[in-house]
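Remarks on the structure that follows.
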């Protein structure tokens, strides 16, 4: 059974061109039922697309069939080549982290017993953490326990992990227990995650809809999360927000942009998933920020 991870909200059109069926040999169609978080998508809409990839290249694509399954013709040059899959639901894109061989997934008709394969997709975010301080945020609707468990799983032998909030509250993992005064996770904020080693942390949860999680911008400094799953230019991300002259956004590596006379000016050009930013507001009142997704 394939296990899959969310990689971003993009258009399936970004996958590239469908291979020429006359140029490459192919197997018989794969008939697939798709699941998200273990729940079968019983009636996928016309927005859904299932793509098959070999070595990162698109080798087949299919919309839902009339039987609500995906009949996907996968082309390949060598028998036994491994296939990974991506699913696009009209809003989010998902991709496999394990692969299968096409010869094990062959199906001709849905009437054949056992011929239909099931691809189970789950939502997830993978973040690279460096040893030391990390300005971390998420694009998933998760809890503090989800974060703590993911950190311990990523670093099972760690003797010290620290999570710090903007107000100075923190919790520390001492190798056995979590101790401290943070009790809930505010997913509109970023946190400093301090580790003693680099690691790759994987989180699972439902993607955030930025419109349902507005960020309050107070006068002065704000530790804001970046709730999107795709890198987004500063000008696009803040396109729905009325900034004040001399507002400043700073990243962990020291890059920044300043809002001057209607434009963002500086060397911070793109906001990245999994990272956090300090928004320094020159306004005298509270404002509401809703990040704008990338438009294709």
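With respect to being at pLDDT 95 or above and either over 26 Å from residue 70 (Cβ atoms) or outside any helix (DSSP H, G or I) (or both), residue 120 falls outside the description. Among the residues making up region 153-179, those that are in contact with a strand residue (DSSP E or B) (Cβ under 8 Å, 6 or more places away or on another chain) and assigned to a loop (DSSP other than H, G, I, E, B) are 155, 158, 160, 165, 166, 169.
You will find that of 19, 44, the residue that is buried (at least 19 other Cβ atoms within 10 Å of the Cβ), part of a loop (DSSP other than H, G, I, E, B) and at pLDDT below 85 is 19 and no other.
Considering region 198-212, the residues that are modelled with pLDDT of 90 or more and buried (at least 16 other Cβ atoms within 10 Å of the Cβ) include one that is nearest to residue 143 (Cα to Cα), namely 201. Can you find even one residue in region 138-152 that is within 21 Å of residue 35 (Cβ to Cβ) and assigned to a strand (DSSP E or B)? Looking through region 138-152, at least one residue is within 21 Å of residue 35 (Cβ to Cβ) and assigned to a strand (DSSP E or B). Taking the numbered list (1) surrounded by fewer than 21 Cβ atoms within 10 Å (Cβ to Cβ); (2) under 28 Å from residue 145 (Cα atoms) in turn, residue 233 passes all entries but (2). Condition first: assigned to a strand (DSSP E or B), touching a helix residue (DSSP H, G or I) at 6+ places or on another chain (Cβ under 6 Å) and not assigned by TED's automatic domain parsing to the domain that holds residue 167. Can you find one or more residues in region 271-292 that meet it? Yes; the residues of region 271-292 include at least one that is assigned to a strand (DSSP E or B), touching a helix residue (DSSP H, G or I) at 6+ places or on another chain (Cβ under 6 Å) and not assigned by TED's automatic domain parsing to the domain that holds residue 167.
Let's see how each residue does on (1) under 19 Å from the mean Cα position of the chain (by Cα); (2) within 21 Å of residue 213 (Cα to Cα); (3) crowded, with 20+ Cβ neighbours inside 10 Å:
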{"residue": "116", "(1), (2), (3)": "no, no, no"}
{"residue": "154", "(1), (2), (3)": "yes, no, yes"}
{"residue": "163", "(1), (2), (3)": "no, no, yes"}
{"residue": "166", "(1), (2), (3)": "no, yes, no"}
{"residue": "175", "(1), (2), (3)": "no, no, no"}
{"residue": "185", "(1), (2), (3)": "yes, yes, no"}
{"residue": "191", "(1), (2), (3)": "yes, yes, yes"}
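The values are calculated or read from the model by the stated rules, or taken from the named source; none is laboratory data. Bear in mind the structure is a predicted one, so any value in this text is a computation, not a measurement. Every residue, glycine among them, receives a Cβ derived from its backbone with ideal geometry; neighbour counts consider all protein chains shown.
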